[in-house]
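Undergrad: Please find one structure pasted underneath; my questions will follow.
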Amino acid sequence: MRSSTAIILPWLAIACLAGSVCAGAQSSSTPAFVCKVTPQETLLHQANRLLLEELAMHPVSATEAGYHERNGVLLDAQLDDIGPEAQARERSLLAAAQRCFSNLDDSKLSGEDKADLTLVRSSIAEQIFALDVRQPQHYRPERPVEEVGTALFFPLTQNYGTEQQRLTNVIARMEQVPRFLGQAKENLRESDPVFIDTAVNEAAGDKQVIEQIAQQVSAASPLHARCEAAAQAANQAIDAYVAWLKNDLAKRSQTRTWRSGPEVYARIFRFAVGSDTGQTPASLLASAERDLATVRAQMYAIAKPLDAQWFPNANHAGLTGEALENKVIAEVIGRINDDHTTPEQLLPTVKADAAKITAFINEKNLITLSSRGNLRIVSTPPFLRGVFSVAGFHAPPSLQPGGEGEYWVTPIPTGDPAAAESKLREYNNWMLQYLTMHEALPGHYTQFEHADSIQPPERRILRALLGNGPYIEGWGEYGVKEMEDAGYANHDPRFVLMVMKIRLRVIANAILDIRMQSMNMTDDEALSLMENEAFQTRAEALGKLRRVKLTAGQLITYYVGYHQWIDFRDRYQRAAGTSFDLKRFNDEALDEGPLPIPVLEPLMMDRLHASK
């Protein structure tokens with residue numbers, strides 16, 4: 001599971017500001033960032049000016065964020081410029097912004113403003129690190145493929161302007177695909193096979209999006225001839241890019257693999273955590289490996305009576321320790337996995353689960369849910385199924401609060417019946433309920449609905465675009481824990497075991513990220529961890545193996561964030577004493593938006609102490 005939100009904002013709304021590939025510019029006349037120090041321009045105004053300048057340089061991200069026009073230029077009709085001159089302008093803008101925000105005197109700022117400044121400084125530093133050190137534009141060929149899909153797909157999911165205007169803009173972007181992929185080829189120098197393979201697979205998704213667009217333009221439409229020509233040229237450019245990947249880039253000598261290495265990963269880790277917590281990859285790894293043993297023991301205690309009930313004739317003679325744990329837990333999970341849906345019923349099942357979960361949240365009064373009714377549960381876009389192999393959440397545009405949020409559920413291909421069955425067993429009917437809690441209710445959808453109401457608007461925009469990954473993904477896990485503690489499904493041990501299995505996965509994610517990216521863990525060792533110690537099916541493990549190679553630093557955010565949320569709530573509850581109210585705590589924490597928990601905690605503690 002993965003959120004496509006501040007993701008971190010790890011893929012989405014403002015890919016550049018999240019430290020992704022971005023390095024382009026809308027115009028060669030884009031000015032350097034001017035640091036204004038006047039009483040009339042607050043920190044928030046300066047930060048928002050920077051964000052809008054960044055978005056204007058990255059029109060695809062601008063559309064996702066709900067920023068449609070700048071200085072007479074229709075951003076929705078533009079595809080990013082990723083050539084070398086654009087990269088240089090990006091770097092110049094960031095350097096000027098870094099000087100500006102580094103030199104600000106924060107001694108007179110309010111707590112809220114200091115929190116915002118922390119986000120801005122960290123974001124700028126991460127972008128500079130991406131451009132100067134990571135330089136994914138030189139070795140990540142899947143990123144341009146995903147950019148094309150995003151550019152063409154997301155405008156059609158919004159309600160800005162008329163359908164005719166949106167189609168016109170998308171066709172204009174389609175016409176720029178040959179130029180964009182040509183620039184991508186010029187940027188790329190070498191690549192690991194896993195990146196090339198992902199790009200080739202996701203390119204087919206881009207072509208599906210183009211076909212969907214063409215089907216929306218009728219033969220009688222004045223756009224028909226233009227759309228046909230643009231679609232043909234875009235498809236030819238995609239085919240040429242794929243052929244070039246296979247016949248040129250794949251055959252070049254390779255000095256850089258998907259592994260980050262310990263030095264680079266240490267910096268990736270720091271940016272992913274998002275605040276100075278004192279944690280290091282080594283300390284987090286030690287904690288995760290301790291927790292792996294603890295959670296397995298807890299699962300064994302729950303599984304043992306179920307195993308005796310379901311498998312009274314099971315032979316465990318001679319098994320002790322970890323081997324006995326594995327046998328008993330695997331037998332019980334295997335029986336639970338039998339209770340699963342079909343590929344055809346996957347989406348209807350998830351929708352029915354969402355209604356049931358909503359009713360429980362309201363009954364237990366756990367958190368204030370949105371009254372907007374703007375959650376859509378839909379299939380994951382084809383071009384993103386390589387990364388979002390199971391599910392994800394895509395927040396409404398940051399500059400258009402109240403827009404629709406999308407909970408993506410990735411369809412299960414039926415071409416390979418054994419692989420389909422493996423996936424369905426991993427995401428059995430109990431696991432699907434967990435998934436909906438994490439991604440939607442009370443997880444990411446609820447989280448971003450609260451953040452949509454932050455005032456002033458400049459603060460809402462800043463925190464939405466620069467949101468902290470552990471806060472976001474940690475909330476998804478913490479929200480499930482709240483549901484479990486409140487007695488969801490009457491504490492049915494099947495649900496509890498699936499939640500604990502996910503907890504094992506969260507722990508394994510952190511171990512994989514650290515060991516694979518910085519400690520030379522092999523594929524076989526990774527698969528053994530997932531299948532033998534975390535009870536994942538082969539299909540799930542193979543998908544995660546690819547993901548850990550594609551997303552350095554992202555898989556730790558679930559583990560870090562979950563523990564930060566739990567520890568913060570417990571400290572707050574002790575400080576509040578008998579006046580503690582869980583719903584009030586949850587609402588207030590989400591109403592601040594996705595700040596790093598170590599930044600959020602003093603804000604809420606100060607208010608708590610002031611209220612006494």
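Undergrad: So in the chain, what percent of DSSP beta bridges are antiparallel if you round to the nearest 5?
TA: For the chain, the DSSP antiparallel bridge percentage is about 45.
Undergrad: Could you give the radius of gyration (one decimal) and Dmax (whole number) of the Cα atoms in the chain, in Å?
TA: 24.0, 79
Undergrad: Separate question: Please report, in whole Å³, the volume per residue of the convex hull around the C-alpha atoms of region 268-612.
TA: Considering the Cα atoms of region 268-612, their hull volume per residue is 149 Å³.
Undergrad: Using θ = phi - 60° and the Karplus relation 6.51 cos²θ - 1.76 cosθ + 1.60, list the HN-Hα couplings for region 406-416 in order, rounded to whole Hz, with x at every Gly or Pro.
TA: Along region 406-416, the couplings run 10, 9, 8, 10, 7, x, 9, x, 9, x, 10 Hz.
Undergrad: By its C-alpha gyration tensor, with a ≥ b ≥ c as the square roots of the eigenvalues, how is region 154-236 shaped: rounded for a/c under 1.5, else prolate for a/b larger than b/c, else oblate?
TA: Prolate is the answer for region 154-236, as a/c is 1.5 or above and a/b outweighs b/c.
Undergrad: Along its three principal axes, how long is region 2-267 when you only count alpha carbons? Whole Å, largest extent first please.
TA: 61, 48, 35
Undergrad: Filter 501/544; 185/544; 36/108; 481/583 down to the pairs with a C-alpha to C-alpha distance above 20 Å, please.
TA: Long pairs (Cα-Cα over 20 Å): 185/544.
Undergrad: Here's a follow-up. Any chance you could run the full-extension gain for residue 215 through residue 156? It's 0.36 nm times the residue separation minus the Cα-Cα distance, nm to one decimal. Intermediate results must be reported in sequence, preceding the final value.
TA: Details: separation 59, 0.36 × 59 = 21.24 nm, distance 1.28 nm.
Roughly 20.0 nm would be gained on extension.
Undergrad: Taking θ as phi - 60°, what are the ³J(HN,Hα) couplings along region 258-272 by the Karplus curve (6.51, -1.76, 1.60), each to the nearest whole Hz, with x for Gly and Pro?
TA: Coupling constants for region 258-272: 6, 6, 6, x, x, 5, 5, 5, 4, 6, 4, 4, 5, 5, 5 Hz.
Undergrad: Can you tell me what percent of all Cα-Cα pairs in region 406-553 are more than 20 Å apart?
TA: For region 406-553, the fraction of Cα-Cα distances above 20 Å is 57 percent.
Undergrad: Suppose R0 equals 30 Å; then what is the FRET efficiency for residue 277 and residue 254 from their Cβ-Cβ distance, rounded to the nearest 0.05?
TA: Numbers: r = 35 Å, r/R0 = 1.17.
Efficiency at R0 = 30 Å is approximately 0.30.
Undergrad: While we're here: Report the rotationally averaged projected area of region 254-380 based on its alpha-carbon convex hull, in square nanometres.
TA: That works out to 15.2 nm², a quarter of the Cα hull's surface.
Undergrad: What are the residues whose amide H is under 5 Å from the amide H of residue 379, where those residues sit 5 or more places off or on another chain and H is modelled from the backbone?
TA: 409
Undergrad: OK, next. So what is the calculated 222 nm ellipticity per residue for the chain, using -39500 (n - 2.57) for each DSSP H run with n of 4 or more, over all residues, to the nearest 500 deg cm²/dmol?
TA: That comes out to -20000 deg cm²/dmol.
Undergrad: Can I ask one more? Mind checking the full-extension length gain between residue 308 and residue 172? Use 0.36 nm per residue of separation minus the Cα-Cα distance, one decimal, nm.
TA: Full-extension gain reported as 42.6 nm.
Undergrad: Under the Karplus relation 6.51 cos²θ - 1.76 cosθ + 1.60, θ = phi - 60°, what is the ordered set of whole-Hz ³J(HN,Hα) values for region 562-577, x standing for Gly and Pro?
TA: My calculation for region 562-577 gives 4, 5, 5, 5, 4, 5, 5, 4, 5, 5, 5, 5, 5, 5, 6, x Hz in order.
Undergrad: Please list the non-local residues whose amide H lies under 5 Å from the amide H of residue 466, H modeled 1.01 Å from N, same-chain partners needing a gap of 5 or more.
TA: Here the answer is none, since no amide H 5 or more places off falls under 5 Å of that of residue 466.
Read the figures in this text as sums done on the coordinates, not as results from a lab. Note that this is a predicted model, so its numbers are computed, not measured. We place every Cβ from the backbone using ideal geometry, glycine too, and count neighbours over all the protein chains shown.
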